[in-house]
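Remarks on the structure that follows.
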Amino acid sequence: FRFRIDPLGRSPASTAVAVMTLTDLTAIKRMERMRADFVANASHELRTPLATLLGFIDTLRGPAKDDAEAHERFLAIMHEQGSRMARLIDDLLSLSRIEADEHTVPATVVDLARIVQGGADALAPLAQAKNARILVNLAQESCMVRGQADQLAQVVQNLLDNAVKYGRPGGTVTVTLGPADRVPDQAPAALRSGPAVVLAVEDQGEGIGREHLPRLTERFYRVDGARSRALGGTGLGLAIVKHIVNRHRGHLAIESVEGRGSTFSVTLTLASS
Ligand code: ADP
């Protein structure tokens, strides 16, 4: 340890400094471990599709050289693996950009109702492909919040994308935007002191076990890794949502009942008009 202590060990001030330094070192160690884990996870996630790609290139050059039918099939798989790497890189870049400006609150005022409607329209084809539908419930035609439009659109998109992906085929995803009746106690003080708005995305999927809820917004945390990957997931969607909500000094709450579905609620401060 890098702290000095009173040789007689009696000074309360020295003890306080020692305890504080010890706590700081533990926090730094934890951060370092998290960073190392993140790099290891990201490399592994990129290496897997890359290995598949290289394997297929070797097959196409060798044993399947003259097999036209195999060419078609393998190229489709290679395209999918390449797309997966591109999605992962996009998400990693988003995450690092958001982290870089997490300490500055956005200065612009944007209409969240428009962003929600835009997100629902964009995700409609994905829902249709699963015979599902997205129902939009807006309490008011417009809803002004202080925020960055692109980032709030990403929150809406990631939550709707998950609700459709993990929702019930043929079911309904409901996105609701309206005044927050109650701001959670854990929310930032600034959020509790003024009028707030809540964006809720509700699905009728199989839900999430209670034990997973606290870890869901960690990078690369998945309840079922194979399923997430098969559905095109990167494991970063909710980590991105959490960072954007933090930057907006908002609050993210996740409620889920196994066998019934999940609701992801984002509470944000209403911009004063
Ligand atoms: P992914 O790309 O794997 O979907 P996310 O960070 O968006 O990554 O979500 C993390 C994990 O949380 C998912 O792999 C899934 O297990 C779970 N999850 C997220 N949204 C839902 C939902 N609406 N219903 C059930 N599980 C969900």
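If we keep just the residues of segment 186-198 that are open to solvent by 20 Å² or more (accessible area, probe 1.4 Å) and in contact (Cβ under 8 Å) with a residue 24 or more places away in the chain, which is nearest to the ligand (Cβ to nearest atom)? Among residues in segment 186-198 that are open to solvent by 20 Å² or more (accessible area, probe 1.4 Å) and in contact (Cβ under 8 Å) with a residue 24 or more places away in the chain, the one nearest to the ligand (Cβ to nearest atom) is 198.
When segment 66-83 is filtered for residues that are part of a helix (DSSP H, G or I) and open to solvent by 40 Å² or more (accessible area, probe 1.4 Å), the ones remaining, listed by number, are 68, 69, 71, 72, 73, 75, 76, 77, 79, 80.
Of note, residue 156 does not satisfy the criterion of being β-branched (Val, Ile, Thr), closer than 22 Å to residue 270 by Cβ and assigned to a strand (DSSP E or B). In segment 161-178, the count of residues that are among the aliphatic types (A, V, I, L, M), more than 24 Å from residue 271 (Cα to Cα) and touching a Gly at 6+ places or on another chain (Cβ under 8 Å) is one or more. Annotation: of all residues in segment 156-170 being more than 17 Å from the chain's Cα centre (by Cα) and free of Cβ contacts under 8 Å to residues at least 60 places away in the same chain, the one that is farthest from the ligand (Cβ to nearest atom) is 170. Taken together, the residues in segment 204-218 that are in contact (Cβ under 8 Å) with a residue 24 or more places away in the chain and either within 8 Å of the ligand (Cβ to nearest atom) or at positive phi (or both) amount to 6. Looking across 145, 175, one residue alone is in a strand (DSSP E or B) and away from the ligand (no atom under 16 Å from the Cβ). It is 145.
Which residue pairs have Cβ atoms closer than 7 Å, lie 6 or more positions apart in sequence or on different chains, and pair a first residue in segment 11-34 that is modelled with pLDDT of 65 or more with a second residue that is charged (D, E, K, R) and exposed (fewer than 11 other Cβ atoms within 10 Å of the Cβ)? Here the result reads 21/2, each pair linking segment 11-34 to a residue that is charged (D, E, K, R) and exposed (fewer than 11 other Cβ atoms within 10 Å of the Cβ). If you take the residues in segment 223-238 that are in a helix (DSSP H, G or I) and within 6 Å of the ligand (Cβ to nearest atom), which one is surrounded by the fewest Cβ atoms within 10 Å (Cβ to Cβ)? For segment 223-238, the residue satisfying everything is 228.
For segment 61-99, a tally of residues being modelled with pLDDT of 95 or more, aliphatic (A, V, I, L, M) and farther than 20 Å from residue 161 by Cβ returns 4.
Check 46, 54 and return the single one that is hydrophobic (A, V, I, L, M, F, W, C) and open to solvent by 90 Å² or more (accessible area, probe 1.4 Å).
On the way: 46 fails: open to solvent by 90 Å² or more (accessible area, probe 1.4 Å).
Being hydrophobic (A, V, I, L, M, F, W, C) and open to solvent by 90 Å² or more (accessible area, probe 1.4 Å) holds for just one of 46, 54, which is 54.
For residue 201, the conditions (1) near the ligand (Cβ under 8 Å from one of its atoms); (2) open to solvent by 30 Å² or more (accessible area, probe 1.4 Å); (3) not small (Gly, Ala, Ser) are fulfilled apart from (2). Among the residues here, residue 255 does not qualify as surrounded by 14 or more Cβ atoms within 10 Å (Cβ to Cβ), within 10 Å of the ligand (Cβ to nearest atom) and over 26 Å from residue 90 (Cβ atoms).
For segment 92-122, which residues satisfy the criterion of being hydrophobic (A, V, I, L, M, F, W, C), in contact (Cβ under 8 Å) with a residue 12 or more places away in the chain and in a helix (DSSP H, G or I)? Selection gives 92, 95, 98, 112, 113, 115, 116, 120, 122.
The values are calculated or read from the model by the stated rules, or taken from the named source; none is laboratory data. This structure is a prediction, so every number in the text was calculated from the model and none was measured. Backbone-built Cβ (ideal geometry, glycine too); neighbour counts: all protein chains shown. The protein model used for the area step is the full one, side chains on, heavy atoms only, and it has no ligands, DNA or RNA in it. Shrake-Rupley method; radii C 1.70, N 1.55, O 1.52, S 1.80 Å.
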